[in-house]
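These notes are about the structure you will find just below.
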Amino acid sequence: MIISVVIAALLQLFATNSHTFTSVHQKILHTNMTSLLLGSELYGLEDKKLDVAELVKDFNVDDDLRRTLKSKKVEIIYTEVTSLNFDDAAESLAEAEESQGDNDEGLVTQSGEVTNSLEIGRTTFKVDDQSSAFLRVKFQ
């Protein structure tokens, strides 16, 4: 009786550890695939569907690994969180300077020359049943 209880406890422990190991292994694989997407300049600021093998097409990868990666489909979803246009800020600064009546034309001229914008967006990578989301900043 005691031996059967010990064996049952060991089997339960083995099953729990095996399940935990499998889930950790899947998360590591997902993280590795996400890092391929994150490291690429080509993806992240648009919605797109592709297979992971497309990301490693320029690398010398084993054929078995390439077949495995080809079966993994990735969906990239980009959502703009906020956008700042510095032209609007420059115009506001110029108007504020004009309304104060200061004759400091250098500041107004410098402000009027700004033509940059900042876009902050959220990129979500969906691979199989897992997803990862990152904030991306695009400065133009």
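The values are calculated or read from the model by the stated rules, or taken from the named source; none is laboratory data. Nothing here was measured: the structure is a model prediction, and the numbers come from that model. All Cβ positions, even for glycine, are placed from backbone atoms using ideal geometry, and neighbour counts span all protein chains on display.
Of note:
- Residues located in segment 68-88, provided they are outside any strand (DSSP E or B) and more than 15 Å from residue 29 (Cα to Cα): 86, 87, 88
- Positions within segment 116-135 being assigned to a strand (DSSP E or B) and within 22 Å of residue 87 (Cβ to Cβ), in sequence order: 117, 118, 119, 120, 121
- Of the criteria (1) of a type in the set (Val, Ile, Thr); (2) at pLDDT below 80; (3) surrounded by 12 or more Cβ atoms within 10 Å (Cβ to Cβ), which one residue 115 fails: (3)
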